[in-house]
Amino acid sequence: MAAQSLYRKWRSQTFDELVGQEHVVQTLRNAVIEGRVAHAYLFTGPRGVGKTTMARLLAKAVNCLATDPASRPCGSCASCVAIAEGRAVDVIEMDAASHTSVEDAREIIERVQFRPAEGRAKVYVIDECHQLSAAAFNALLKTLEEPPDHAIFILATTEVHKVPATILSRCQRFTFTRHGVAATAEHLRRIAAAEGLELAEGVPEAIARAATGSMRDALGVLEQLASFASGPITLDQVHSLLGMTAAAEVQALVEALLDGDAGAALRAVNGVAEQGADIRQFTRDLVERLRSLLLLLASGDHGLADIGADELRLMEGWAARADVPRLLAWVRIFSALDFQLRTTPYGHLPLELAVVEALVTEPQATASGEVARPAPRPAPVPSRPTPSRPTPSRPAAHPVVSPPPPRVEAPEAVASEQAQLGAAAPEPEPFVATAPVSTAAPEPPPPVARSADAAAANADFTVLERVIDSWELIKRDVRPLKRTIEALLKDVRPIDVEGNTIVLLAASTFHKTNIEQPQNREIVEAVIKKHLGAAYAIRCTIEAKTEARDLRGQIREARKDALVRAAMNIFDAHIVDIEPEE
């Protein structure tokens, strides 16, 4: 006979034993005491947070034989024991993943009319109810709205957005939240003590962080470690078993960021890569640590930062060396890496670039108190021209990359500063990545119209890059709406953006004609709006446009160059003009 899993063995049997979800416990306990239990409930929330456990507790409470309603469920009467052991005929648990059809729903409707065989109420628990078909949901509507007096429906789901609004309106909805690191760690310590397991310092917190708020996952990891280790369970065993990034490596990178030491930061990243660890998980751990530090520094609330006792002293030491603007910039930089690390062919290069970007830029606070995007440090100016040397052939034009304009202060502030300093300091010139120094006379600045064209082209191509990056996700999200459109989009790709119109290159006239049908075009445009956050029309063509050699075409070609793209990303810059080759 197989051993019982820890999460089943230690499943809460009464309301008092349940960890977390106090808002749900208090509401349902009062409903049981006052005899106001509803006929239909909907429990939503992530996996492993107690939805099914709460459904069983409610089923126990309405059928408990205890005389005092305040003590229900007692967990010891015949009815509670039968439900806990899964042999109560009046509590029917159904997995919607394997009972999705309308026939399954009709079977429920037929059986619900019969009165309970033993208890006071017949309880139907439908887990992962979002997987029911539309026909099954429609069949249940009338029964959910007006069930027999002896029937209670409890629906549970992790994807509430897939449940029809007609179902939501007929149920009392309760949202279950993730368990915090501190609460999960404390529960793991209690269970480990009862099971005779010895946990080294920091092990419960490490397991809790790996479980990401799921108590069931945390208990599963603890059970796995109990089989893996002989003797006390150590942090090294946790990291080895789960393939997690060692906390020391994340701490080393955070220390290097706070010290401004680029060498130490890059050594930490490369050390993780050489160990064969998951770079994406390492980045997530880094973001989580920076987030906790940001919340601690901004609020001073240890509970909001969700850190355990083992990290409190370390975080307080970091908080004394950190500041909110820098942490904001770092969290934004590193949290945007997950997609790049998943799709890049260059290994951990995006993380290295992000580390350098975080260290070579300085956050700026605006007059309104908001933190602007990092501004680049000025590039060093050589004291004398470098000697000429042979160079390989280059394109006929060089992009002129310029950062955003500097912040303009109010005249009163400038006058006050000049009065204090005695003389106005010259403003630094903007950074310009251009062709090598030439002795020819400088050309006059481009006209306003050319600058406007460059700005418009940069904006269009920025949108195009976002569309290209999201194209696979766009096709995926079109599939549930209409599969034929997804099949058509497999032979279509975005090639240009013209203002508010996205140009798609279709493989044939058949693809072009079908995608541009009004109902199909509306579906694609709606999904694009979801991913880009703005409305764009689509237009199909079956021939790629010949690359124009005007300013727009030149900017498009320049943005394809890897070095130009790296400069634009690091300095948060854009192309303002294309200089001809001398």
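The values are calculated or read from the model by the stated rules, or taken from the named source; none is laboratory data. Because the structure is predicted, anything quoted here is derived from the model rather than measured. Every residue, glycine as well, gets a Cβ built from its backbone with ideal geometry; the counts of neighbours run over all protein chains shown.
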Task: The one condition in (1) loosely packed, with under 15 Cβ neighbours inside 10 Å; (2) modelled with pLDDT of 90 or more that residue 474 fails to fulfil - done: (1)
Task: Pick from the range 331-351, criterion among the hydrophobic types (A, V, I, L, M, F, W, C), within 19 Å of residue 270 (Cβ to Cβ) and in contact with a helix residue (DSSP H, G or I) (Cβ under 7 Å, 6 or more places away or on another chain), ranking: surrounded by the most Cβ atoms within 10 Å (Cβ to Cβ) - done: 351
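For residue 98, indicate whether it is polar (S, T, N, Q) and free of Cβ contacts under 8 Å to residues at least 12 places away in the same chain.
On the way: polar (S, T, N, Q): yes; free of Cβ contacts under 8 Å to residues at least 12 places away in the same chain: yes.
Yes.
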- [ ] All but one of (1) at pLDDT 85 or above; (2) not in a loop (DSSP other than H, G, I, E, B) hold for residue 201, so report the exception by its number.
- [x] (2)
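Residues 81, 89, 49: which one is surrounded by fewer than 18 Cβ atoms within 10 Å (Cβ to Cβ), in a loop (DSSP other than H, G, I, E, B) and not assigned by TED's automatic domain parsing to the domain that holds residue 211? Walk me through how you get there before you give the answer.
Details: 81 fails: in a loop (DSSP other than H, G, I, E, B); 49 fails: surrounded by fewer than 18 Cβ atoms within 10 Å (Cβ to Cβ).
Just a single option satisfies the conditions, and that option is 89.
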Task: Failed condition for residue 314, given (1) under 30 Å from residue 185 (Cβ atoms); (2) in contact with a helix residue (DSSP H, G or I) (Cβ under 9 Å, 6 or more places away or on another chain); (3) modelled with pLDDT under 80 - done: (3)
Open item on the list: Considering only residues that are surrounded by 14 or more Cβ atoms within 10 Å (Cβ to Cβ) and not charged (D, E, K, R), which ones fall in the range 310-323?
Closed with: 314, 315, 318, 319, 322
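Evaluate the range 136-145: report whether one residue or more is among the small types (Gly, Ala, Ser), under 19 Å from residue 99 (Cα atoms) and over 25 Å from the mean Cα position of the chain (by Cα).
So the first thing to find is which residues in the range 136-145 are among the small types (Gly, Ala, Ser), and the list is 136, 139.
Adding the requirement that they be under 19 Å from residue 99 (Cα atoms) leaves 136, 139.
Within this subset, residues satisfying the condition of being over 25 Å from the mean Cα position of the chain (by Cα) are 136, 139.
Within the range 136-145 (the criterion being among the small types (Gly, Ala, Ser), under 19 Å from residue 99 (Cα atoms) and over 25 Å from the mean Cα position of the chain (by Cα)), the answer is yes, since at least one residue qualifies.
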- [ ] Say whether the condition of being surrounded by fewer than 23 Cβ atoms within 10 Å (Cβ to Cβ) and in a loop (DSSP other than H, G, I, E, B) is met by at least one residue in the range 123-136.
- [x] yes
Task: All positions within the range 1-24 that are in contact (Cβ under 8 Å) with a residue 24 or more places away in the chain and either hydrophobic (A, V, I, L, M, F, W, C) or on the phi > 0 side of the Ramachandran plot (or both) - done: 6, 10, 15, 18, 19, 20, 21, 24
TODO: For the range 248-284, enumerate the residues that are under 20 Å from the mean Cα position of the chain (by Cα) and at pLDDT 85 or above.
DONE: 250, 279, 280, 282, 283, 284
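Among helices (runs of 4 or more DSSP H) lying entirely in the range 256-357, which contain 3 or more residues that are touching a residue at least 24 places away in the same chain (Cβ under 8 Å)? Before you say what the answer is, go through the steps one by one.
On the way: elements: 262-274, 279-299, 302-305, 309-319, 324-335, 338-343.
It comes to 262-274, 279-299, 309-319, 324-335, 338-343.
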TODO: Only residues that are surrounded by fewer than 17 Cβ atoms within 10 Å (Cβ to Cβ) and assigned to a helix (DSSP H, G or I): list them for the range 19-46, please.
DONE: 22, 23, 26, 27, 30, 33, 34
- [ ] Check residue 154 against each of (1) buried (at least 23 other Cβ atoms within 10 Å of the Cβ); (2) within 19 Å of residue 241 (Cα to Cα); (3) over 26 Å from the mean Cα position of the chain (by Cα) and name the one condition it does not meet.
- [x] (2)
TODO: Looking at (1) in a helix (DSSP H, G or I); (2) within 22 Å of the chain's Cα centre (by Cα), find the lone condition where residue 213 falls short.
DONE: (1)
